[in-house]
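Enquirer: Would you mind keeping the following structure in view while I ask a few things?
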Amino acid sequence: MKNAIGEFPEGFLWGAATAAYQIEGAVTEGGRGKNIWDTFTHTPGAIKNGENGDIACDHYHRWREDIALMQQLNLDAYRFSIAWSRILPQGRGTVNQAGLDFYSRLIDGLLEAGIQPFVTLYHWDLPQALQDEGKGWLRRGIVEDFVQYTDVVTRAFGDRVKHWTTFNEPGVFTWGGYVLGEDAPGWRMQPGAALTALHHVFLAHGASAQVIRENVPQSQVGIVLDINVAEPASEAPEDVAAALRFDGMQNRWFLDALLRGEYPADMVALFGEQMPRIETGDMQRMAVPLDYLGINIYRRSVIAHGDELVPVNYCRVLPPGEHTLMGWEVYPKCIYDILKYVNERYGPPKIYITENGIALPDEVSPDGHVHDERRIAYLRDHLTYLQRAIAEGVPVRGYFVWTLMDNFEWALGFEPRFGLIYVDHQTQQRIMKDSGYFYADIAKKETAVK
Ligand SMILES: OC[C@@H]1[C@@H](O)[C@H](O)[C@@H](O)c2nc(CNc3ccccc3)cn21
């Protein structure tokens with residue numbers, strides 16, 4: 001298909017992405033159990049402006065309106081996550097039928113609108129009951145809990161949902177939640193805790209993939225990673241070495257483990273005593289064949305030697321130029337660089353760009369519109385580099401904007417706006433931004449560019 005950006009493969013999917021805790025709200029409705037983000041956001045000082053996702057975008061009640069907006073965007077696909085604690089309020093055991101019913105209605109609504117559901121099983125919102133029992137992902141037995149959760153939802157929705165992502169960004173919620181303290185459960189521990197949690201997540205991923213394939217005929221199974229090509233800040237040996245360590249932590253730890261069944265030797269040596277306990281067969285258990293790799297990409301990573309995250313010892317350098325509300329550099333070529341890096345080293349069968357977007361201080365103009373020219377430029381420029389990577393043979397089969405609508409941005413609350421749709425979080429009014437109209441034109445099938 002051809003659009004204003006250029007030529008894309010037939011069947012290329014134009015999508016948008018969200019996550020349960022960031023949009024649903026209704027945290028005490030429909031039998032939903034408490035999760036670690038409910039706890040974390042109600043911990044004084046944890047979230048900017050003391051905000052939380054108790055209501056968020058009220059998507060739990062407004063999902064029909066939101067599907068209609070997805071149709072206005074001409075979406076082929078919608079990536080969303082299921083809240084584990086809506087399905088199993090205590091993390092395991094008794095299934096909450098009201099939770100299944102909510103997602104069943106949502107999935108039926110998407111299919112009726114001609115939109116393919118791409119489901120993420122875990123987007124950071126662990127049931128609190130599992131956190132309380134053995135510290136969540138630090139307990140190896142949690143793998144069985146994730147298997148039960150996978151079994152319940154794939155039996156319920158596998159007749160209609162074919163694309164299943166096990167985890168969103170395992171590195172972020174383990175390092176962020178167990179070392180940096182920036183994400184739930186907000187613990188500041190040794191890197192060893194994050195590596196142990198991550199090892200269990202990888203095991204859960206492998207076990208979950210098996211269950212998905214047993215329960216869902218013609219399923220497509222993948223995982224989503226935030227891969228960042230590391231550029232040394234200078235040619236100084238200490239910066240080059242720091243960039244290699246960052247690449248090992250940020251990229252090769254995940255790609256080698258999940259696609260090759262081995263932890264990278266240089267990082268194993270670096271982590272030393274912090275390494276997780278690896279039981280016989282673990283590495284084979286996690287490295288199950290994948291149908292696709294999801295990549296979230298937003299920025300470039302310029303790395304220098306520093307004191308962050310001992311023993312990785314790196315620091316991010318923010319080059320001059322345009323920056324977003326997140327303090328991230330706008331560097332559209334990052335999408336091309338990432339795709340070439342992954343394709344040349346690992347050659348996954350299919351890739352989806354599962355998140356790409358920009359946080360801006362969007363406002364409604366007196367004319368009632370949101371003129372987000374910078375987001376249009378960001379999307380246009382990243383899509384141009386995406387198209388170049390595809391033309392050079394990288395097997396990208398779809399692109400999901402982060403995000404459908406302005407939502408709860410974790411520890412930063414509601415201030416960073418990433419949406420194609422503006423949300424007034426006081427009134428819940430939705431307003432399509434100019435970037436939404438731009439994206440709808442890109443995604444429109446009959447857009448013929450002569
Ligand atoms: O920050 C924007 C989004 C966030 O809302 C999504 O839930 C999450 O999947 C997501 N991942 C990234 C990229 N990775 C990243 C995570 C934490 C800090 C910096 C970058 C950005 N985002």
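Enquirer: Helix-derived [θ] at 222 nm for the chain: sum -39500 (n - 2.57) over DSSP H runs of at least 4, divide by residue count, nearest 500? Walk me through the numbers before you get to the answer.
Expert: On the way: 16 runs with 168 residues, N = 450.
Calculated at 222 nm, the ellipticity per residue is -11000 deg cm²/dmol.
Enquirer: Any idea what diffusion coefficient the range 82-139 gets from Stokes-Einstein, in µm²/s, Kirkwood Rh on alpha carbon pairs, 4 °C, 1.567 mPa s? Mind showing how you got there, number by number?
Expert: Numbers: Rh = 12.6 Å.
The calculation lands on 103 µm²/s.
Enquirer: What is the calculated FRET efficiency for Cys315 to Arg260, with r their C-beta to C-beta distance and R₀ = 30 Å, to the nearest 0.05?
Expert: Numbers: r = 29 Å, r/R0 = 0.96.
After rounding, the FRET efficiency stands at 0.55.
Enquirer: Using the Cα centre of the range 6-84 as the reference point, and only Cβ charges (+1 on K/R, -1 on D/E), how large is the resulting charge dipole? Debye, rounded to the nearest 20. Can you show the working numbers first?
Expert: Numbers: 6 positive and 11 negative charges, 56 e Å.
So the magnitude is around 260 debye.
Enquirer: For a quick size check, give me the Cα extents of the range 129-225 along its three principal axes, largest first, whole Å.
Expert: 42, 25, 17
Enquirer: Distance cut-off 32 Å, Cα to Cα: go down the list Lys2/Lys48; Lys48/Lys444; Lys34/Lys350; Lys2/Lys333 and report the pairs above it.
Expert: Beyond 32 Å: Lys2/Lys48; Lys48/Lys444; Lys34/Lys350.
Enquirer: Using +1 at the Cβ of each Lys and Arg and -1 at the Cβ of each Asp and Glu in the range 2-443, identify which of Trp410, Leu290, Thr384 lies farthest towards the dipole's positive end.
Expert: Leu290
Enquirer: Could you size up the charge dipole of the chain around its Cα centre, putting +1 on the beta carbon of Lys and Arg and -1 on that of Asp and Glu, and report it in debye to the nearest 20?
Expert: On the way: 41 positive and 59 negative charges, 186 e Å.
The dipole of the chain has a size of about 900 debye.
Enquirer: By how many nm would the segment from Lys340 to Glu446 grow when fully extended, if each residue of separation counts as 0.36 nm and the alpha-carbon distance is taken off?
Expert: Here the segment from Lys340 to Glu446 would lengthen by 35.2 nm.
Enquirer: Just the Cα atoms of the range 171-219, one point each, no solvent: what log10 I(q)/I(0) does Debye give at q = 0.13, 0.31 Å⁻¹?
Expert: For the range 171-219 at q = 0.13, 0.31 Å⁻¹, log10 I(q)/I(0) is -0.39, -1.00.
Enquirer: Provide the percentage of antiparallel DSSP beta bridges, counting only those with both residues in the chain; round to the nearest 5. Before the final figure, lay out the partial values.
Expert: Numbers: 12 of 48 bridges.
Counting DSSP beta bridges with both partners in the chain, the antiparallel share is about 25 percent.
Enquirer: Once amide H atoms are placed 1.01 Å from N in the peptide plane, what residues at a sequence separation of 5 or more from Ile303, or on another chain, have their amide H within under 5 Å of its amide H?
Expert: Glu231, Ala233, Val317
Enquirer: Sticking with this structure for a sec: Just to verify a number: FRET efficiency for Glu273 and Ala241, C-beta to C-beta distance, R0 = 25 Å, to 0.05? Spell out each step's value before the answer.
Expert: Details: r = 21 Å, r/R0 = 0.84.
The computed FRET efficiency comes out at 0.75.
Enquirer: Would you mind computing Rg(Cα) / (2.2 N^0.38 Å) for the range 101-183, counting N as its residues?
Expert: Values: Rg = 14.9 Å, N = 83, 2.2 N^0.38 = 11.8 Å.
Output field value: 1.26.
Enquirer: To continue, here is another question. How large is Rg/Rh for the chain, to two decimals, with Cα atoms and a Kirkwood Rh?
Expert: Numbers: Rg = 20.7 Å, Rh = 22.1 Å.
Rg/Rh for the chain comes to 0.94.
Enquirer: Need one value: the accessible area of His61 in square angstrom, 1.4 angstrom probe, rounded to the nearest 10.
Expert: About 90 Å², ignoring ligands and nucleic acids.
Enquirer: Given Ala230, Ile87, Thr324, which one lies farthest toward the positive end of the charge dipole of the chain, if we put +1 on the Cβ of every Lys and Arg and -1 on the Cβ of every Asp and Glu?
Expert: My answer, from the dipole projection, is Ile87.
Enquirer: Something else now. To the nearest 0.05, what FRET efficiency results for Glu65 and His42 with a Förster distance of 35 Å applied to their C-beta separation? Can you show the working numbers first?
Expert: Working: r = 28 Å, r/R0 = 0.79.
The formula returns an efficiency of 0.80 here.
Enquirer: Further, regarding this structure: By its C-alpha gyration tensor, with a ≥ b ≥ c as the square roots of the eigenvalues, how is the range 252-322 shaped: rounded for a/c under 1.5, else prolate for a/b larger than b/c, else oblate? It would help to have the intermediate numbers written out before the result.
Expert: Details: a/c = 3.95, a/b = 1.42, b/c = 2.77.
Oblate is the answer for the range 252-322, as a/c is 1.5 or above yet b/c matches or exceeds a/b.
Enquirer: With an 8 Å cut-off on Cα pairs and a minimum separation of 6 or more residues, tell me the relative contact order of the range 2-443 in percent.
Expert: Working: 925 pairs, mean separation 79.8, N = 442.
After rounding, I find 18 percent.
Enquirer: Here's something else I'd like to know. Calculate one ³J(HN,Hα) per residue across the range 409-415 by plugging θ = phi - 60° into the Karplus curve 6.51 cos²θ - 1.76 cosθ + 1.60, and present them in order as whole Hz with x for glycine and proline.
Expert: 8, 6, 5, 9, x, 9, 4
The values are calculated or read from the model by the stated rules, or taken from the named source; none is laboratory data. Nothing here was measured: the structure is a model prediction, and the numbers come from that model. As a convention, Cβ positions derive from the backbone with ideal geometry for all residues, glycine included, and neighbour counts pool all protein chains shown. Surface areas here come from the heavy atoms of the whole protein model, side chains and all, with no ligands, DNA or RNA. Shrake-Rupley method; radii C 1.70, N 1.55, O 1.52, S 1.80 Å.
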